[in-house]
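A short write-up of the structure that comes next.
What follows draws every value from the coordinates through simple rules; no lab data is involved. Treat the numbers as computed from the prediction; the structure is a model and nothing was measured. Neighbour counts run over all protein chains shown; Cβ positions are idealised from the backbone, glycine included.
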Amino acid sequence: MADGLPKDPHLPKDSHLPESPHLAKSPHLAVIGAGPAGLAATVAAAAHGVRVTLIDAAEQAGGQFFRQPAAGLRAGRPQALHHDWRTWERLRESLAAHVEAGAVRHLTDHHVWFVERRPGERQSGRFTVHALLGPEEEDPATVDADAVLLATGGYEKVLPFPGWTLPGVVTAGGAQAMLKGALVVPGRTAVVAGTGPLLLPVAAGLAAAGVEVAAFVESAAPRVFLRRTRALAAQPGKIAEGAGYAARLLRHRVRTLARHTVVEAHGGDRLEAVTVAALDGDGRVRPGTGRRIPCDTLAVGHGMLPHTDLAGTLGCGLDGLTVHVDDEQRTDVPGVWAAGEATGIGGSGLALAEGHIAGRSAAARLGGGAPDPSEWAAAAKSRARLREFAAALDSVYTPAVHWTEQVLDDTMVCRCEEVTAGTIREAVAELGAGDLRTVKLLTRAGMGWCQGRVCAPGVAGLTGCELTPSTRPFARPVSLGVLAREHPQPLDRVRTHPVKHEHTQPVQREHTHPTDGGLS
């Protein structure tokens, strides 16, 4: 067992796949998202007699955590860029077996923008998933299913600061995606900064790839971890993993600055340096502690936020920013399950456990019976421990309390609509705005292409209001041309992507400089 995930459902020899002639009569489950949660749910449901269509926007399964290099790069040791590679191999092999048997259809390059109940079938739980096909996201396609499982993951939170729009400033996850997926690094000299458990593997990965990591800047204080000793000690594997990353930073002589924050990024056409400063006990920058660090890359992040757009359009209840689920990972909308980061940021282990439970529950419910919780007892136990661990980390890794004091009035906050911090402050002080929606109506902050996904945390902080999920009719921008089409591409014409097992060549470590990435 890995990450609390029962072993049998992930191994083809134990899968008990139904014969193909019976598959057409089996219930049909649409799983949206092929990260750890979606993969675990897919193989668990398929192993128990359910037809599954796995829909994902990427070209390969794995999500961000198991992101794979493109086959054309011929990477010989992709496992060197990953943690828990064996779990990925088990998931990949089991998915391949189910695809080959016809129990699973894996649709790649499918960008889901809307999920609806089919007219006249609200009680039976029939759904239609609408997606845009291909990198240009122009060709519409639909998938009909008896139930839907949302494994839509999360995205990074980045708070604004002077200079954060400079080329060379990328998200921490963006830097990691470039390294894992393209085998390139964003620059030669990097500062990794912000807060959150993602920063450690990013800094360690960049250093191992030959990047000079000039500083690792974490706003959390080491002593805060002592207050969560019980919850943290309950996951010795996670502690060992973090210690391993820290040891790598020591081997590469990376300077670690705890209880520090980035004050400003400097440069003309691109990033040239960053200024970091120490934080006092109240979370304010301590005067006179600023230091300027030359670099051409800043990988920055302040935690993660769950993707709940599709859940919102379906009417699923939310607990704050996360999708509300019961012990079976069911939402309060009949026929809709959710698992992974959408139900709470907790890492790959928690996503695997939740995905397994959701897949088993969906298979049982679609089969007309009630599931036996003993069938996922190990995963449920792991889920409880990992949720407690995630809550402890969330309380430790928090952005500096007074970060807004460092945001100058001319700092761009909404990049899409070019709305500055001064404009937002004016809307609050002079026009009485007190929530995200009012600020959006008065300033256009959040009306751009990203629909507030990047700027909403910054706008909320400057407004002094709670960050709340936005209600959107669609999960991603879609053209009027797509909406006007009456005959979307049928399922039997869309592209599928069988899992590949080609042997590849060694990872190249040349320093390359992509022109864009992350925030820039």
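One table, with the values for the structure above:
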| item | result |
| --- | --- |
| Rounded to 10°, Cα long-axis angle of helix 236-251 versus longest principal axis of the chain | 40 degrees |
| Extension gain, R292 back to R253 (0.36 nm per residue minus Cα-Cα distance, nm) | 12.2 nm |
| Structure-based [θ]222 nm, the chain - -39500 (n - 2.57) summed over DSSP H runs of at least 4, per residue, nearest 500 | -8500 deg cm²/dmol |
| Per principal axis, descending, Cα span of the chain in whole Å | 73, 53, 45 |
| Pairwise label distance in nanometres, L480 with R437, each label 7 Å out on the Cα-Cβ vector | 2.6 nm |
| Per-residue HN-Hα couplings for the stretch 409-423 [Karplus 6.51, -1.76, 1.60; θ = phi - 60°; Hz; x = Gly/Pro] | 4, 8, 6, 6, 9, 9, 5, 4, 9, 6, 9, 8, 5, x, 5 |
| Cα point-scatterer Debye curve for the stretch 385-490, base-10 log of I(q)/I(0) at q = 0.19, 0.21 Å⁻¹ | -0.95, -1.06 |
| Note, ³J(HN,Hα) from phi for the stretch 91-103, Karplus 6.51, -1.76, 1.60, rounded to Hz, x at Gly and Pro | 5, 4, 5, 5, 4, 4, 5, 5, 5, 4, 7, x, 7 |
| Three-way shape call for the stretch 158-302 based on the alpha-carbon gyration tensor, with the a/c threshold at 1.5 | oblate |
| Neighbourhood charge, 10 Å Cβ-Cβ cut-off, centred on D309 and excluding it, Lys, Arg +1 and Asp, Glu -1 | +3 |
| Under 5 Å, built H, 5+ apart or other chain: amide partners of G154 | H307 |
| Kirkwood Rh in Å, taken over the stretch 285-431 so that all alpha-carbon pairs contribute | 18.8 Å |
| Cysteines (scope the chain) whose Cβ has no counterpart Cys Cβ under 4.7 Å | C295, C316, C416, C450, C465 |
| Given the chain, longest segment not containing exposed loop GluC sites (Glu not before Pro) (DSSP; at most 15 other Cβ within 10 Å) | 139-417 |
| Net charge dipole size for the stretch 158-302 [Lys, Arg +1 and Asp, Glu -1 on Cβ; Debye, nearest 20] | 580 debye |
| Using θ = phi - 60° and Karplus 6.51 cos²θ - 1.76 cosθ + 1.60, couplings along the stretch 77-89 (whole Hz; Gly, Pro as x) | 10, x, 5, 5, 9, 10, 10, 6, 5, 4, 4, 4, 4 |
| Inter-probe distance in nm under a simple model that places probes 7 Å from Cα toward Cβ, at E116 and E100 | 4.0 nm |
| Ratio of Rg to Rh over the stretch 219-334 (Cα coordinates, Kirkwood Rh, two decimals) | 1.09 |
| Total formal charge among the other residues, if their Cβ is under 13 angstrom from that of G181, Lys/Arg +1 and Asp/Glu -1 | +1 |
| Neighbour-count order for W337, W85, fewest beta carbons within 10 angstrom listed first | W85, W337 |
| Cut-off under 5 Å, modelled amide H: who pairs with V112 long-range | L132 |
| Neighbour-count order for T256, T343, fewest beta carbons within 10 angstrom listed first | T256, T343 |
| Order of L198, L305, L321 under a 10 Å beta carbon neighbour criterion, fewest first | L321, L305, L198 |
| Built amide H within the under 5 Å cut-off of C414, gap 5+ | V419 |
| Spatial separation of Cα centroids for the stretch 347-381 and the stretch 437-454, in angstrom | 38 Å |
| Pairwise label distance in nanometres, Q79 with R284, each label 7 Å out on the Cα-Cβ vector | 5.3 nm |
| The chain: angle of helix 36-46 to the longest principal axis, Cα-based, in degrees nearest 10 | 0 degrees |
| Those aspartates and glutamates that a straight Cα-Cα span of less than 14 Å connects to K238, excepting residues fewer than 8 apart in one chain | D3, D84, E388 |
